[in-house]
Amino acid sequence: MFERLKNFIQELVDADERQREEEFAADDHRLAAAALLVHVISVDGTVDDSERTKLRAVLQRHFELSDHQTNELLEEARKRDLEAVDLYGFTSVLKRKLDETGRLKIVEMMWEMVYADGIVHEFEDNTVWRTAELLGISTRDRIKLRQKVEHSSE
């Protein structure tokens, strides 16, 4: 009896450790979104402090993350972005996991990243356009979100 109880408790501890290790699983929409945001700030070839700061703030605010969780998410997102061959892997997760309102929020977050350094690079603009298309966001909505973020960043 004691041995079974001991095994049961050990299984709970092991499951908790596995969950912590896999806090951001491959199909986690937060990881897909973070990888897209990492991609959009790095697509122009430079990532400055204003972009890094904005990225952390946007992720923490939108996903209600602690500093530790944000660090883990960013580390995993950077790895995923480097391994990715296209945007489809990320957008397919987002399309499956989020409704239209959630997908619109992802595009808005991307625009926040584009405007973080005050310079809209054509590669950044193109990345948001392609991502919005893959997420099923209309051109009209994409442009409205861009204007909203542009006006709030002035």
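How much length, in nm to one decimal, is gained on full extension between GLU64 and GLU100, taken as 0.36 nm per residue of separation minus their Cα-Cα distance?
Extra length from GLU64 to GLU100 when fully extended: 11.0 nm.
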For ALA77, what is the net charge nearby, where nearby means another residue's Cβ is under 12 Å from its Cβ and Lys, Arg count +1, Asp, Glu -1? -1
In this model, which of LYS79/LYS105; LYS54/LYS105; LYS97/LYS144 are farther than 20 Å apart at the alpha-carbon? LYS79/LYS105; LYS97/LYS144
Compute the label zone of ALA26 within region 56-83: residues whose backbone N is under 19 Å from the point 7 Å along Cα-to-Cβ. 73-83
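How much net charge surrounds ALA35 when only other residues with a Cβ under 14 Å from its Cβ are counted (Lys, Arg +1; Asp, Glu -1)?
Values: positive: ARG30, ARG78, LYS79, ARG80, LYS97; negative: ASP27, ASP28, GLU72, GLU75, GLU76, ASP81, GLU83, ASP86.
Cβ neighbours under 14 Å give a net charge of -3.
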Students often get this wrong, so try it: which of (1) 18.1, 68; (2) 23.4, 85; (3) 16.3, 54 is Rg and Dmax of the Cα atoms in Å as calculated from the structure shown? (1)
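Values in this text are rule-based calculations from the coordinates and carry no lab data. Since this is a predicted model, take the numbers as computed values, not measurements. Using ideal geometry, Cβ is built from the backbone for each residue, glycine included, and neighbour counts are taken over all protein chains shown.
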